[in-house]
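Below: the structure, in structure tokens.
The values are calculated or read from the model by the stated rules, or taken from the named source; none is laboratory data. All values reported here derive from a predicted model rather than from experimental measurement. Every residue, glycine among them, receives a Cβ derived from its backbone with ideal geometry; neighbour counts consider all protein chains shown.
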Amino acid sequence: MSRAVPAAVDLDFSGRRRPPGALGWLMLVCGALAALGVLHEFDMAETRLAEARHADERARRQSAVAHPVRPPVAPLTDPERRAALGVVAGLGRDWNALLAALESAADDPGLALLALDQDGAKGRLKLSGEARNLPEVFAFVKRLEAVPALRDVRLAGYAFRQNGPLPVVGFDLQARWEAQP
């Protein structure tokens, strides 16, 4: 039995390609002209920017020659000098060592430090916190007294209060912070 071979299927989904029309060519020319116009504007703007930078640099050089920078005429007064030295003293302290010492002294699950107020220039510290009971507060004061950088650690005040279902002791401490050599 001989089978007939089917005819080849001619599938062309794209169809015949039309040549571009006059409208297509006109749009291409308009787009190219617009691109050239934008390129020209960019070049002009870049030229203006370079000229402005050059003029600014020239003005800076002339200003530096005509008006050299001079130190302030009036020296610092004594109160200004003391204030500046106080800021320098406060910034020059070893904050990392102090904070590490406070963290290790407060390493008690029944104690929480809530606030640290300091005057670095004068070396004063004020600590506020809460503890479960008064003996924990006294133990914290003893641990702070053992820190070499702290002097005159004292309990400034305490108050019993209710924090939700738990009674707590709120406390305030004061200390003097001395710089270590």
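Taken over the stretch 147-157, residues that are part of a loop (DSSP other than H, G, I, E, B) and without any contact (Cβ under 8 Å) to a residue 24 or more places away in the chain amount to 0. Across the stretch 96-136, the number of residues qualifying as surrounded by fewer than 13 Cβ atoms within 10 Å (Cβ to Cβ), part of a helix (DSSP H, G or I) and at pLDDT below 90 comes to 5. The set of residues in the stretch 142-157 that are crowded, with 17+ Cβ neighbours inside 10 Å and modelled with pLDDT of 90 or more comprises Arg143, Leu144, Val153.
Looking only at residues in the stretch 162-181 that are of a type in the set (D, E, K, R) and outside any loop (DSSP other than H, G, I, E, B), which one is modelled with the highest pLDDT? Out of the qualifying residues, it is Asp172. Filtering the stretch 90-99 for residues that are under 25 Å from the mean Cα position of the chain (by Cα), within 14 Å of Ala175 (Cβ to Cβ) and without any contact (Cβ under 8 Å) to a residue 60 or more places away in the chain leaves a non-empty set.
In the stretch 89-110, the condition of being in contact with a Phe, Trp or Tyr (Cβ under 9 Å, 6 or more places away or on another chain) and within 20 Å of Asn163 (Cα to Cα) is met by at least one residue. Taking Leu127, is it touching a Ser or Thr at 6+ places or on another chain (Cβ under 8 Å), within 15 Å of Gln174 (Cα to Cα) and of a type in the set (A, V, I, L, M)? For Leu127, the condition - touching a Ser or Thr at 6+ places or on another chain (Cβ under 8 Å), within 15 Å of Gln174 (Cα to Cα) and of a type in the set (A, V, I, L, M) - is not met. Scanning the stretch 64-87 for residues that are at pLDDT below 80 and surrounded by 10 or more Cβ atoms within 10 Å (Cβ to Cβ) yields Ala64, Leu76, Ala84, Leu85, Gly86, Val87.
Can you find a residue that is part of a helix (DSSP H, G or I), outside the structural domain of Leu150 (by TED's automatic domain parsing), closer than 30 Å to Arg124 by Cβ and modelled with pLDDT of 80 or more anywhere in the stretch 46-59? Checked against the condition, which is being part of a helix (DSSP H, G or I), outside the structural domain of Leu150 (by TED's automatic domain parsing), closer than 30 Å to Arg124 by Cβ and modelled with pLDDT of 80 or more, the stretch 46-59 yields no hits at all.
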